[in-house]
Amino acid sequence: MNERLVILGSKGGPAIRPGGPSPTASLLEIGGRRIVIDCGLGVSRALVEAGMALPSLDLVLITHLHSDHVLELGPLIHTAWTSGLKTPVDVWGPKGTRNVWDGFVASLTYDIDLRIEDEGRPDIRDLVRIHEFGEGRILEEEGLVIETLRVDHPPVTECYAFRISHDGRVIVFSSDTTYFPPLAEFARGADILVHEAMHPAGVDRLVARTGNGERLKAHLLASHTMAADVGRIATGAKVGHLVLNHLVPADDPEITEKEWKAELAATWDGSLTIGQDGLCLALPVTENKRKSA
């Protein structure tokens, strides 16, 4: 398995527009595991387009329960199941994740029971294991370590960044958060930091074309991170590569890669990638893998 990070959906917020990007989701293939981080609308199709066989799904991480991060959790697992999933899927999410899954299963009881009886499928309810977590180390198995940090994303209180480590590599996902300096220590020395980002001029243009602009702007400013502050986090953490994701805005033709990079020029001078749907980055090769190659 090629070890890689794939940005499946790069857009902040749940809305979709013609020809535009999809809401948040990522795939991290590392240490023989296929880890899906967040399940915004479109994640199933994006995984297929990225070349992942859905029946190989085995680990899902949910940062928080805003719809643009969890709307397609149930449909993803169900689609993997109808594609041939027979092995367990572990879902790690904050308090309330079990309700999301149980509610989805209840809504499709007719379909699930019919497919079990008519098509001979294993019971999907027996394949899915829901784990609700708080802050700290939540998983350690076969060299894979996953740690969480509660970040500041009001009014959501159960919102977590992930630090995923394996064989000397560290990849950190910020989740949705306002500028949160403790994240720099959490991401210390990471090979890749995937961090949400807002563009100030883009935010003004976005709220100008929405019906509830002032309420939306107040939420964005209180709950998300301007690009320049993302640079401060990455610089403080001394990460190897910064990837901007969950972009606000992600579909404004006047906010191009050039404008994003200009926002970070004063606070970050390292390797930088502006996320887009389907973007694939190879993970760094460790000394152990060089020796075994």
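Coordinate-derived values only; no laboratory data. Just so it is clear, the model here is predicted, and its values are computed rather than measured. For neighbour counting, all protein chains shown are included, and Cβ atoms are generated from backbone atoms with ideal geometry for every residue, glycine included.
Looking at the stretch 4-281, how many pairs of lysines come closer than 21 Å at the Cα, when each pair is eight or more places apart or spans two chains?
For the stretch 4-281, qualifying lysine pairs total 4.
Would you mind computing, in nm to one decimal, how far apart the modelled labels at residue 131 and residue 280 are, each placed 7 Å from Cα along Cα→Cβ?
2.8
Using a Gaussian network model of the chain with C-alpha springs under 10 Å, which one of 239, 128, 172 is most mobile by mean-square fluctuation?
Between 239, 128, 172, it is 128 that shows the largest mean-square fluctuation.
Evaluate the charge dipole of the stretch 1-156 about its Cα centre and quote only its size in Debye, nearest 20, assuming +1 on the Cβ of each Lys and Arg and -1 on the Cβ of each Asp and Glu.
380
Give me the distance in nm between label points sitting 7 Å out from Cα along the Cα-to-Cβ direction at residue 221 and residue 111, one decimal.
It is 4.2 nm.
Which of the listed residues, 18, 76, 53, is farthest toward the dipole's positive end in the stretch 4-281, when Lys, Arg count +1 and Asp, Glu count -1 at the beta-carbon?
18
List the relative contact order of the stretch 4-281 as a percent without decimals, with contacts defined as Cα pairs under 8 Å and 6+ residues apart.
RCO, the stretch 4-281: 19 percent.
State the Kirkwood hydrodynamic radius of the stretch 35-135 in Å, one decimal place, computed from all pairs of distinct Cα atoms.
That comes to 13.7 Å for the stretch 35-135.
Cα centroids of the stretch 1-70 and the stretch 203-249: how far apart, whole angstrom?
The distance from the Cα centre of the stretch 1-70 to that of the stretch 203-249 comes to 20 Å.
Would you calculate the separation in nanometres between label points at residue 185 and residue 95, each defined as 7 Å from the Cα along the Cα-to-beta-carbon direction?
2.4
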